């Protein structure tokens, strides 16, 4: 229990707590950024998987789409208390192969969309993010 004998003492304690929370929140964004980076790279690895070629196809694959997924770097920005994270494939035709809204009919049902990749691997990603979130809460709780 914390007891205060006057308003000035109370205000000093509030300022100390606010400072501790802000300090830990800033540190927490760094660790969350690392975890989100790890999660996006994991998703990119899965997005790089190719389906088997269609029966009778003679098309020789360049593997560029998959290679550019694994070479992509997540873009992570923090604005206030919002962390925006994304990873994109630099191939100009990538959206026609894997974007859920732009996927060409020829690829539907064969190539996984980015939404499908995320949905299929949420069980791998969710524990990473939950663990990072719990660590942040514990850090802030211990600081105050």
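Derivation of every value follows stated rules applied to the coordinates shown; laboratory data play no part. Nothing here was measured: the structure is a model prediction, and the numbers come from that model. Reconstructed Cβ throughout: ideal geometry from the backbone, glycine too, with neighbour counts over all protein chains shown.
The table below lists the values:
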| quantity | calculated |
| --- | --- |
| Potential extension, residue 27-residue 59 segment - 0.36 nm per residue separation minus Cα distance | 6.5 nm |
| For region 27-41 versus region 94-143, the gap between their alpha-carbon centres in whole angstrom | 14 |
| Net lengthening on full extension, residue 38/residue 142 (0.36 nm per residue, minus Cα-Cα) | 34.9 nm |
| Selected from 109, 30, 80 as most flexible by GNM, with the chain as the system and alpha-carbon contacts under 10 Å | 80 |
| Listed residues 11, 112, 71, most fluctuating in the chain (Gaussian network, C-alpha, under 10 Å) | 11 |
| Computed helical MRE - 222 nm, the chain, DSSP H runs ≥ 4 contributing -39500 (n - 2.57), nearest 500 | -19000 deg cm²/dmol |
| Near-label residues of region 27-46 by backbone N, under 16 Å of a point 7 Å along Cα→Cβ of residue 118 | 36-46 |
| Against the rule of thumb 2.2 N^0.38 Å, how large the Cα Rg of the chain comes out | 1.55 |
| Angle between the chain longest axis and helix 7-47 axis [Cα atoms, degrees, rounded to 10] | 10 |
| Residue exposure sequence - 72, 131 - by fewest surrounding Cβ within 10 Å | 131, 72 |
